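The values are calculated or read from the model by the stated rules, or taken from the named source; none is laboratory data. Everything numeric in this text was worked out from a predicted model, so none of it was measured. Cβ atoms come from the backbone with ideal geometry, glycine included; neighbour counts cover every protein chain shown.
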Amino acid sequence: MPRPRALRVLVVCTDREPPPGRLGERERAAAPPGGERRRRWLRSRHAQRTLLGVLGLPGGTTAHRYPNRRLSLTHTDRCSAVAGVVGPLPPPLAGVGLDLEPPRPADPRTARFFLDDREQGWLADVPERRRAEEHVRLWTLKEALFKADPGNAAATLRDYAVHDPAAPHGPARRDRSGLAFGYVTGRIPAGRLSVALSLNTRPAPARRTPDMPAPALDFAQVTERISGVLSIPAADLTPQTPLRSLTMDSFVLVELIVDLQEEFDAVFSQAELKEVETLGELVDLLRTAR
Amino acid sequence: MTLSDTLSDNDRWLLSFYRSSEINGALFFGRVARIVRGPLQVDVTHHFSDEAAHASYWTHCIDDLGATPIRPPRAYQDRYLDAVGLPANLMEVMAITQVFEKRVISQYRRHLRHPGTHPRVRQTIERIMRDERWHVQYVRQALEEMSGRYGEERIAETLARYTAADQEIYADTLREYGERMDFLAETPVPEPRERSA
């Protein structure tokens with residue numbers, strides 16, 4: 001069995017605003033008005049721009065919405081960081097999460113809000129001189145796990161359990177989420193940083209394999225689809241309808257042909273398609289090419 | 001000297017040709033964006049919006065140079081369909097896109113290398129090129145991910161067929177509109193190559 005491809009994540013962190021001209025007009029226009037909020041926003045866009053350039057993705061940050069399967073953002077008062085998954089996104093990847101916290105004191109009473117009983121027990125055993133730092137580290141880790149979970153709407157930070165709270169990297173889970181998590185935590189000059197990835201453990205609906213029988217396909221199913229794509233009444237479509245009479249526009253015909261293959265899980269070849277002149281023949285090809 | 005003094009008939013024709021190609025690209029990718037399923041939807045929809053934005057950049061560029069776009073007789077993409085037939089499936093759509101985008105980069109690069117290129121035109125091409133490089137990259141990745149469904153050999157064969165067709169189409173275009181693009185022929189560049197990721 002092939003070994004799964006290792007996922008690489010790059011993180012860019014900056015405490016600087018972008019130099020003049022670095023951001024596009026659309027991004028400048030989208031920035032909130034003056035003050036700290038605007039500075040933070042611009043700093044964040046600067047980090048994103050830099051990372052997108054390294055990843056070879058379009059530089060316009062307004063094109064990326066969050067939550068995002070590839071990217072995750074975080075801020076502190078003094079800097080912004082963005083994490084991005086390198087290369088093609090494998091289908092099981094559900095999300096990436098990043099969190100950064102500057103060095104700060106930690107109130108031990110807050111641990112119960114984000115650590116489960118086992119994790120709290122571990123933290124209580126950490127020598128007191130290191131406890132605040134570990135407290136902050138676990139906070140960033142739980143935040144990163146939460147952000148990596150696209151289904152986190154009903155979750156709390158306590159729901160994410162790390163296998164070994166002492167480990168700087170390792171697996172984590174959220175029960176009944178259908179996800180497996182992996183994380184890494186570390187220290188950078190700006191503070192404690194954690195990155196988490198989530199992977200779907202439930203297989204995606206698979207394409208039919210050649211040894212699986214194709215479900216029956218009748219003419220009405222196909223004409224219903226064609227009717228939707230071309231806005232032609234299905235009643236006007238018969239097996240004798242010439243394909244070329246449906247549209248004069250080649251682009252529309254490409255849209256129709258590809259849409260039918262994607263919808264009914266078929267693959268045509270050029271040679272097969274050239275033989276097709278009527279809708280009846282097209283439906284026959286859909287049946288045999290599945 | 002007004003800006004319009006800087007734009008010859010041939011310049012105007014060529015910039016309009018670029019604009020028209022970008023419009024056609026947007027129309028085509030608008031349709032592709034409606035039919036793709038899964039994660040590719042995000043990239044293809046972005047591609048669609050890029051092509052529309054590029055058409056807008058060229059329109060602004062031509063306008064800033066004191067001219068109005070003309071409608072060239074045929075878009076470059078139409079020639080593709082004539083030469084290679086309709087793409088028969090999604091893989092062929094992405095393969096033809098890959099070849100076409102590489103051609104676009106090559107053409108824009110050729111234009112950038114021409115020493116007489118107007119700064120406003122240069123600015124527009126440079127802005128567009130940032131997106132074009134990403135187009136090639138994501139389409140290449142999409143094709144790699146399609147190998148399970150279509151087979152590596154079939155994808156390679158399709159790319160080779162489209163690349164051969166592209167070279168003929170480009171040569172035909174140069175023959176047909178040679179005088180419009182003569183000045184670019186003086187600044188040859190190598191055939192398009194993919195940027196390493």
**Complete:** Scanning region A:114-123 residue by residue, the ones that are without any contact (Cβ under 8 Å) to a residue 24 or more places away in the chain and of a type outside the set (D, E, K, R) total 2
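Hey, which of the helices (runs of 4 or more DSSP H) in region A:211-290, taking only ones fully inside, have at least 2 residues that are under 29 Å from B:ILE155 (Cβ atoms), touching a Gly at 6+ places or on another chain (Cβ under 8 Å) and at the interface with chain B (Cβ under 9 Å from one of its Cβ atoms)?
Values: elements: A:219-230, A:250-264, A:270-274, A:279-288.
The helices (runs of 4 or more DSSP H) meeting that bar are A:270-274.
Looking at B:TYR80, B:TYR76, which one is among the hydroxyl-bearing types (Ser, Thr, Tyr), in contact with a Ser or Thr (Cβ under 7 Å, 6 or more places away or on another chain) and farther than 30 Å from A:GLY21 by Cβ?
The unique qualifying residue is B:TYR76.
Within region B:15-28, track down each residue that is within 10 Å of chain A (Cβ to nearest Cβ) and either in contact with a strand residue (DSSP E or B) (Cβ under 6 Å, 6 or more places away or on another chain) or surrounded by 21 or more Cβ atoms within 10 Å (Cβ to Cβ) (or both).
Restricting attention to region B:15-28, the residues satisfying the condition of being within 10 Å of chain A (Cβ to nearest Cβ) are B:24, B:27-28.
B:PHE28, the sole residue that qualifies.
Please tell me if B:ALA52 is at pLDDT 95 or above, among the aliphatic types (A, V, I, L, M) and in contact with a helix residue (DSSP H, G or I) (Cβ under 7 Å, 6 or more places away or on another chain). Break it down into steps so the answer makes sense when it comes.
Working: at pLDDT 95 or above: yes; among the aliphatic types (A, V, I, L, M): yes; in contact with a helix residue (DSSP H, G or I) (Cβ under 7 Å, 6 or more places away or on another chain): yes.
So B:ALA52 fits the description; yes.
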**Prompt:** Say we look at region B:30-54 and pick out the residues that are closer than 20 Å to A:GLU262 by Cα and among the charged types (D, E, K, R); which of these is nearest to the other protein chains (Cβ to nearest Cβ)?
**Reply:** B:ARG31
**Complete:** From the option list A:ALA111, A:ALA106, A:ALA81, A:ALA155, single residue qualifying as surrounded by 17 or more Cβ atoms within 10 Å (Cβ to Cβ) and either within 22 Å of A:THR201 (Cβ to Cβ) or touching a residue at least 60 places away in the same chain (Cβ under 8 Å) (or both) is A:ALA81
**Asked** Can you tell which of B:PRO69, B:PRO73 is assigned to a loop (DSSP other than H, G, I, E, B), away from chain A (no Cβ under 11 Å), surrounded by fewer than 21 Cβ atoms within 10 Å (Cβ to Cβ) and touching a helix residue (DSSP H, G or I) at 6+ places or on another chain (Cβ under 6 Å)?
**Response** B:PRO69
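Kindly establish whether B:HIS47 is farther than 19 Å from B:GLN98 by Cα and either assigned to a helix (DSSP H, G or I) or touching a residue at least 12 places away in the same chain (Cβ under 8 Å) (or both). Before you say what the answer is, go through the steps one by one.
Numbers: farther than 19 Å from B:GLN98 by Cα: no; either assigned to a helix (DSSP H, G or I) or touching a residue at least 12 places away in the same chain (Cβ under 8 Å) (or both): yes.
So B:HIS47 fails the test.
Matching residues to (1) among the acidic types (Asp, Glu); (2) more than 19 Å from B:SER56 (Cα to Cα); (3) touching a strand residue (DSSP E or B) at 6+ places or on another chain (Cβ under 6 Å); (4) away from chain A (no Cβ under 12 Å):
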{"residue": "B:GLU92", "(1), (2), (3), (4)": "yes, yes, no, no"}
{"residue": "B:GLU101", "(1), (2), (3), (4)": "yes, no, no, yes"}
{"residue": "B:HIS114", "(1), (2), (3), (4)": "no, yes, no, yes"}
{"residue": "B:ILE125", "(1), (2), (3), (4)": "no, no, no, yes"}
{"residue": "B:ARG140", "(1), (2), (3), (4)": "no, yes, no, no"}
{"residue": "B:GLU144", "(1), (2), (3), (4)": "yes, yes, no, no"}
{"residue": "B:TYR150", "(1), (2), (3), (4)": "no, yes, no, no"}
{"residue": "B:ALA156", "(1), (2), (3), (4)": "no, yes, no, yes"}
**Fill in**
Per the list (1) under 13 Å from the mean Cα position of the chain (by Cα); (2) surrounded by fewer than 22 Cβ atoms within 10 Å (Cβ to Cβ), residue check on B:HIS118 breaks on (1)
**Complete:** Of the residues in region B:85-137, those that are among the aliphatic types (A, V, I, L, M) and in contact (Cβ under 8 Å) with a residue 60 or more places away in the chain come to B:MET91, B:VAL93, B:ALA95, B:ILE96, B:VAL99, B:VAL104, B:ILE105, B:VAL121, B:ILE128
**Request:** Spot the failing condition for B:GLU145; the list is (1) modelled with pLDDT of 90 or more; (2) surrounded by fewer than 21 Cβ atoms within 10 Å (Cβ to Cβ), and only one is missed.
**Result:** (1)
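Considering only residues that are part of a loop (DSSP other than H, G, I, E, B) and in contact with a strand residue (DSSP E or B) (Cβ under 8 Å, 6 or more places away or on another chain), look in region A:141-174 and name the one that is modelled with the lowest pLDDT. Break it down into steps so the answer makes sense when it comes.
Initially, region A:141-174 is screened for residues part of a loop (DSSP other than H, G, I, E, B), giving A:149-151, A:155-156, A:160, A:163-168, A:174.
With the extra rule that they be in contact with a strand residue (DSSP E or B) (Cβ under 8 Å, 6 or more places away or on another chain), the set shrinks to A:149-151, A:160, A:163-164, A:168, A:174.
Details: A:ASP149: 90, A:PRO150: 85, A:GLY151: 81, A:TYR160: 93, A:HIS163: 91, A:ASP164: 93, A:PRO168: 93, A:ARG174: 90.
My answer is A:GLY151.
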**Message:** Would you confirm whether or not region A:47-66 contains a residue that is of a type outside the set (Val, Ile, Thr), at pLDDT below 85, surrounded by fewer than 17 Cβ atoms within 10 Å (Cβ to Cβ) and under 27 Å from A:ALA172 (Cα atoms)?
**Reply:** yes
